[in-house]
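In what follows, a single structure is set out as structure tokens and then discussed.
The values are calculated or read from the model by the stated rules, or taken from the named source; none is laboratory data. If you're wondering where the values come from, they're calculated on a predicted model, not measured in any experiment. Here the Cβ positions follow ideal geometry from the backbone for every residue, glycine too, while neighbour counts run over all protein chains shown.
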Amino acid sequence: MQGRGLGRHRRGGSKWRLPRATGAAWRARARASPDSATYRRPSNTTGHTHAVAGAAAGALAALALHLPAGVLPLALAVAAAAALLPDIDERGSTVNRRLPILGPLLAHTLHHRTVTHSLFALAVLPALCHLLFPAVPWRWLEVGEAGYASHLLCDALTPAGIDLFWPWPGRLRIGGWVRTGGWAEHVLFLPAFTALAVWGVGRVLGVGRLL
Ligand SMILES: [Zn+2]
């Protein structure tokens with residue numbers, strides 16, 4: 001559901017031959033998809049939906065992990081940032097634009113919505129972060145994991161779906177009708193994620209039983 005469309009899949013061979021779940025079949029489906037306009041003309045949608053969904057996931061993670069209210073803003077920020085991370089493989093995405101060297105390199109190397117949108121990434125990234133930053137407590141990695149997972153869920157609702165089981169062939173599409181930047185994203189899901197974030201924050205802060 002994030003920025004710059006559902007993916008601008010190159011038809012040439014400029015990218016490395018990484019294991020690809022659907023390859024030509026997916027590109028054909030993308031062209032035939034009702035959402036195919038997104039492929040031809042990337043939308044101007046920013047990562048705000050993913051950020052809000054990530055914040056909601058962060059609030060829920062803070063609630064589940066019994067994090068103190070004092071660190072709640074950090075939990076929201078970590079999860080929201082993690083929720084933007086999967087689209088690092090997409091040129092022009094929010095996170096890709098902020099990483100001058102790594103962003104363009106990954107956008108050139110990886111196919112969008114494949115390895116970075118998979119269970120493989122969900123499993124490997126926390127371990128990698130733990131190796132690089134052993135002082136970071138696991139609970140914070142779990143908060144980031146929740147934000148990252150929220151991104152995969154959002155993208156799985158779109159017509160293009162994600163390669164959740166990369167490198168295994170097959171594309172996951174839970175809903176498949178939520179177009180990037182479409183009415184459902186802005187009218188249904190963005191308000192729903194916002195409400196969920198508010199509810200989670202309220203529960204962590206212990207604001208009233210009505211929440
Ligand atoms: Zn994505």
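List pairs: first residue in the range 110-137 and without any contact (Cβ under 8 Å) to a residue 60 or more places away in the chain and within 16 Å of the ligand (Cβ to nearest atom), second residue acidic (Asp, Glu) and assigned to a loop (DSSP other than H, G, I, E, B) anywhere in the structure, Cβ distance under 9 angstrom, at least six positions apart or on different chains. Partner pairs satisfying both residue conditions: Thr116/Glu90; His117/Asp163; Ser118/Asp163. Here Leu131 does not qualify as modelled with pLDDT under 95, over 16 Å from the mean Cα position of the chain (by Cα) and surrounded by fewer than 20 Cβ atoms within 10 Å (Cβ to Cβ).
The helices (runs of 4 or more DSSP H) located wholly in the range 112-211 that include 2 or more residues which are within 18 Å of Asp89 (Cα to Cα) occupy 119-132, 138-156.
Selection within the range 79-104: residues that are buried (at least 24 other Cβ atoms within 10 Å of the Cβ) and touching a Phe, Trp or Tyr at 6+ places or on another chain (Cβ under 8 Å). The member of this set that is farthest from Ile162 (Cα to Cα) is Ala82.
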